[in-house]
Every structure is written in structure tokens, then in C-alpha cells.
Amino acid sequence: MSTSSLSSELSSARRSYTQRNPISLLAYEDATKSLPGGGTRSSIFIHPFPLFIERGDGVDIIDLDGHSYKDFVSDFTSGIYGKTDPIIKEAIIKGLDNGTQLGGHTTTESKLASSICSRFPSVDLVRFANSGTEANILAISIALHHTKRKKVVVFKGGYHGSVLSHFGEEEKEKEAEGANGGDLKVPYEYIVCPYNDISATRSTVNRHVGEVGAIIVEPMLGAGGCIPGTIEFLRGLRELSDETGSILIFDEVQTARLSTGGRQKILNIIPDMTTLGKFFGGGFAFGAFGGKKDIMSLFDARSPSSIAHGGTFNNSPLTMIAGLSAIESILTEENLNKLNDLGDDMRNRLNDSFAKEELPFKMTGLGSVNQLHCLLSSETKKEGLELLFFYLLERGYWIAQRGLISLNFAMTELDVIGFEDSLIESARSVKGFS
Ligand SMILES: Cc1ncc(COP(=O)(O)O)c(C=O)c1O
């Protein structure tokens with residue numbers, strides 16, 4: 001079949017999506033009157049218009065037209081607890097009785113901090129923020145302040161937040177968070193190096209000795225396509241930081257869920273600083289940055305020369321309560337291992353089937369965080385992935401239109417097996433039109 005048959009099948013899939021979702025379409029048209037593009041979060045926009053979600057229940061999301069989908073996006077990894085976890089719900093309800101804004105220190109805040117410090121080998125002290133983006137901005141800023149240097153090493157395909165993304169032209173195609181054709185960037189002095197290439201990184205950094213204050217890296221590229229960092233690369237960065245006196249920051253906003261202490265614990269590579277976000281707020285807005293005592297103590301308000309770090313909602317009582325109940329009762333080693341094994345098994349089985357049937361797809365990732373890649377030509381692969389997305393919707397499964405697939409605790413093994421079957425059937429149909 002030719003490219004045009006793929007294109008015309010995609011047009012017909014978009015038409016039937018539009019016909020199936022008249023109420024979402026109306027809601028979307030209305031939303032565009034007050035929100036640019038009808039939304040306030042670029043990553044969740046889908047073509048030709050987004051579904052409007054009415055509610056969630058366990059593993060399901062239900063849209064305004066009454067369709068129920070098994071959610072394999074899990075809010076881009078932050079929705080690890082499913083939609084209605086009873087432990088978190090109970091903690092929040094109790095918390096509500098004590099008031100939502102207290103404007104003071106609470107022991108819940110220090111208990112959450114203590115849990116995070118005991119889990120992450122690199123974190124002696126930690127501070128909270130309201131998002132992963134904010135945590136990364138604070139981590140980079142304090143690293144530059146500490147080293148009295150100006151330059152930050154980042155990696156091509158890296159995503160550290162809405163104003164900290166480093167997608168090249170190729171990656172822009174993936175329409176990752178905040179990168180749909182242009183990105184606003186915090187104006188640090190960046191040096192962009194190739195991911196997983198330690199010798200190229202080393203020779204670039206060595207040309208700027210004495211200038212590089214921070215190296216920030218995701219232990220697995222997340223929005224950049226779920227590409228795991230190799231041990232040689234991540235270990236090489238550790239050595240390079242030591243040699244050049246720069247601060248190594250691991251952005252574990254996504255990879256923290258790969259074990260109780262993130263990927264650093266699995267690989268035993270200990271950065272100077274770590275940033276977190278997403279699920280540590282138990283479903284509420286959250287970010288955290290922490291690290292070595294000498295760096296983090298710069299924020300110690302007992303010192304007359306301390307660095308100020310404000311933030312009205314940094315210790316928002318409900319976030320602290322939800323986060324603490326989640327980390328203590330749900331993010332256990334046993335639960336995380338089970339979820340990550342489920343993801344590894346799913347990816348291995350799917351890749352075996354793709355290869356055996358010569359289907360034009362491949363899945364990359366680690367544990368419960370994965371990305372589907374379409375292997376058609378560079379002109380048609382985006383269409384192939386979009387068509388697969390529509391086929392899966394028709395079968396009752398919700399994945400990110402750009403191919404992210406992330407599991408959550410509300411899922412059973414049967415949910416995952418049902419998803420795999422539907423994905424393979426959908427991939428066969430895409431192959432038929434390619
Ligand atoms: C690795 C990574 N860092 C940082 C962020 C930004 O977090 P937030 O969306 O909470 O600002 C994300 C979000 O997807 C992420 O994946």
C-alpha cells in the first residue's frame with residue numbers, strides 16, 4: 001500500500017473520532033474562546049481536538065461523551081496511583097478537616113522530607129517546590145551560585161520542564177511536553193551535548209573547564225523518547241563532574257518510580273543533586289530538589305547569608321499529607337518492583353511480537369515508563385503512530401498520541417494483557433495501510 005492509503009485511512013479515523021465525540025468537540029470549541037488552543041497544557045493537546053475528561057475511576061477515564069478508556073498514559077507518569085486510590089483519599093479527607101492553608105511549618109512536611117532523604121542516596125537535605133520545572137530551575141540556579149560559574153551542560157532530547165527543554169529538530173516531531181515547534185527557555189548559558197555519548201561530552205566540557213557549574217541529566221530520556229542512559233555514560237558524567245568541579249544533577253522526575261531510590265539507587269551512581277516531582281505529591285502539584293549538605297545548607301534561614309527560597313505552596317498541607325500517605329503506604333519496594341516488572345514484561349512481549357510479525361513498531365523504556373516508536377519512514381511515522389492511537393481509542397485504550405505508555409497501580413495483569421492484544425491488532429491494521 002502507498003503513503004496515500006495511510007493518509008486517507010488517518011483522515012477517515014479522524015472523521016470517525018470527530019463523529020464519536022460531539023460533546024467533547026463542543027466543549028473544546030467553547031474552551032478556545034478563553035484558552036489559546038483550548039487548553040493550558042501543551043502536552044495533552046491531541047489532534048484534531050482533545051477529548052474532555054469528565055472523571056476517573058480506578059484505571060479508567062470517562063469522557064464527556066460517556067466513553068470509558070483504560071488509561072495507559074497515567075498522566076505522563078505522575079498518575080501512578082490510578083484515579084481514586086482509597087489510602088490517599090482518606091488522608092486528604094482527614095487533612096481537609098485541619099484546614100487547607102496554614103501558613104506555617106508542619107510535621108507532615110518534615111516527615112515527607114525525611115522519607116525522601118532516606119530513599120535517595122544523594123539527598124542529605126531537600127526543599128519542596130510546586131513542579132518538576134521549578135525544582136530543576138532551583139537546582140540549576142543553586143548549583144551555579146555554589147560553583148560561581150555560568151554554564152550548564154544539558155543533553156539533546158532532554159526535558160527538564162516547560163522552559164527547560166532541549167529538543168533538536170528531530171525530537172520536535174515527537175511533540176513532547178512543551179516542544180511543539182518552539183520552546184521558551186530560561187536564559188542560562190547552555191552547552192548542549194549528545195545523550196549517551198560520553199567521549200563527545202567529555203571533549204566539549206573540557207573546552208570549558210572552569211566555566212561549567214552544573215551538568216543536568218535524566219537517567220533515562222523521558223519526553224525525548226524513553227531512551228535509557230547507559231551505565232558508561234552516567235558513570236562517565238559522575239567522573240567528569242568530579243574532575244571539573246561541576247555539580248551533577250540527576251533529574252529523576254520520571255525515573256524516581258523505577259525503584260524506591262530512583263535510577264541512581266539501581267545503578268549506584270550518586271549525583272550531587274537530585275530533582276523530583278510528579279507522584280511524590282500524591283496527585284497534587286509537587287516538585288523537590290535536594291542534595292549534598294554543603295549545597296543545600298545555603299538555604300538555611302538561620303544563617304545571615306542564606307539564600308532565600310520562597311513559594312506560597314511549597315509546603316501546601318494537602319500536598320504534604322497526600323504525598324506522605326502515598327510514599328509511606330503505596331510507593332513501597334514491593335509495589336514498585338511489581339509495577340516495574342509488569343512494564344518490563346509488557347515491553348519484552350510486545351517487542352517480540354512486533355519483531356515476529358514484522359510490525360512497524362518498537363517499544364523502548366524501563367519498568368513502567370515506556371515509549372512506542374513507529375518504524376515507518378520519516379515522512380510517515382508520525383501518521384502511523386497517530387493512526388495507532390485512534391485504533392486503540394476505538395478499542396477502549398488511552399495512550400499518549402505521541403506514544404508514551406505508562407502503567408499505574410490501579411492496573412491488573414489482565415488489563416495489561418488486554419492492552420497488549422489490542423495494541424498488536426492495531427499495529428497489524430497500521431501495517432496493512434503502510
Ligand atoms: C524528566 C522531567 N523533568 C521535569 C519535568 C517537569 O515537571 P513538571 O511538569 O511538573 O513541571 C518533567 C515533566 O514531564 C519530566 O519528565
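The values are calculated or read from the model by the stated rules, or taken from the named source; none is laboratory data. Owing to the predicted nature of the structure, the values given are computational and were not obtained by experimental measurement. Virtual Cβ from ideal backbone geometry, glycine too; neighbours counted across all protein chains shown. What goes into the accessible areas is simple: the full protein's heavy atoms, side chains included, and nothing from ligands, DNA or RNA. Shrake-Rupley method; radii C 1.70, N 1.55, O 1.52, S 1.80 Å.
Here are a few things to note about the model shown:
- Tally, over region 243-262, of residues that are away from the ligand (no atom under 16 Å from the Cβ) and under 15 Å from Arg149 (Cβ atoms): 5
- Restricting region 222-246 to residues that are among the hydrophobic types (A, V, I, L, M, F, W, C) and open to solvent by less than 10 Å² (accessible area, probe 1.4 Å) leaves a set whose member that is farthest from Lys338 (Cα to Cα) is Leu240.
- The set of residues in region 385-434 that are under 15 Å from Ser353 (Cα atoms), of a type in the set (D, E, K, R) and either within 25 Å of the chain's Cα centre (by Cα) or open to solvent by less than 30 Å² (accessible area, probe 1.4 Å) (or both) contains only Glu420.
- Considered as a group, the residues in region 26-77 that are among the hydroxyl-bearing types (Ser, Thr, Tyr) and assigned to a strand (DSSP E or B) include one that is nearest to Met411 (Cα to Cα), and that residue is Tyr69.
- Taking region 55-99 as the range and being open to solvent by less than 40 Å² (accessible area, probe 1.4 Å), within 16 Å of the ligand (Cβ to nearest atom) and acidic (Asp, Glu) as the test, no residue passes.
- Applying the set (1) outside any loop (DSSP other than H, G, I, E, B); (2) within 15 Å of the ligand (Cβ to nearest atom) to Glu239 leaves exactly one unmet item: (2).
- Elements of the type helices (runs of 4 or more DSSP H) sitting completely within region 319-434 and holding at least 1 residues that are in contact (Cβ under 8 Å) with a residue 40 or more places away in the chain, on the phi > 0 side of the Ramachandran plot and not assigned by TED's automatic domain parsing to the domain that holds Leu96: there are none.
- Restricting attention to region 104-118, the residues that are without any contact (Cβ under 8 Å) to a residue 40 or more places away in the chain and open to solvent by 90 Å² or more (accessible area, probe 1.4 Å) total 2.
- Residue count, region 202-221 (criterion: open to solvent by 10 Å² or more (accessible area, probe 1.4 Å), part of a loop (DSSP other than H, G, I, E, B), modelled with pLDDT of 95 or more and not basic (Lys, Arg)): 4
So that you can scan it fast, the table gives a plain yes or no per residue for (1) within 20 Å of the chain's Cα centre (by Cα); (2) among the acidic types (Asp, Glu); (3) assigned by TED's automatic domain parsing to the domain that holds Leu144; (4) farther than 21 Å from Asn340 by Cα:
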site: Asp251; (1), (2), (3), (4): yes, yes, yes, no
site: Leu267; (1), (2), (3), (4): yes, no, yes, no
site: Thr275; (1), (2), (3), (4): yes, no, yes, no
site: Ala285; (1), (2), (3), (4): yes, no, yes, yes
site: Ser297; (1), (2), (3), (4): no, no, yes, yes
site: Ala301; (1), (2), (3), (4): no, no, yes, yes
site: His309; (1), (2), (3), (4): no, no, yes, yes
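- Leu96 vs. criteria farther than 28 Å from Thr255 by Cβ and not assigned by TED's automatic domain parsing to the domain that holds Phe390: yes
- Contact annotation: no residue pair with Cβ atoms under 9 Å, 6 or more positions apart or on different chains, pairs a residue in region 227-255 that is without any contact (Cβ under 8 Å) to a residue 12 or more places away in the chain and within 24 Å of Val73 (Cβ to Cβ) with a partner that is of a type in the set (Gly, Ala, Ser) and in a helix (DSSP H, G or I).
- Looking across region 138-162, the residues that are within 16 Å of the ligand (Cβ to nearest atom), in a loop (DSSP other than H, G, I, E, B) and open to solvent by 40 Å² or more (accessible area, probe 1.4 Å) come down to Lys156, Ser162.
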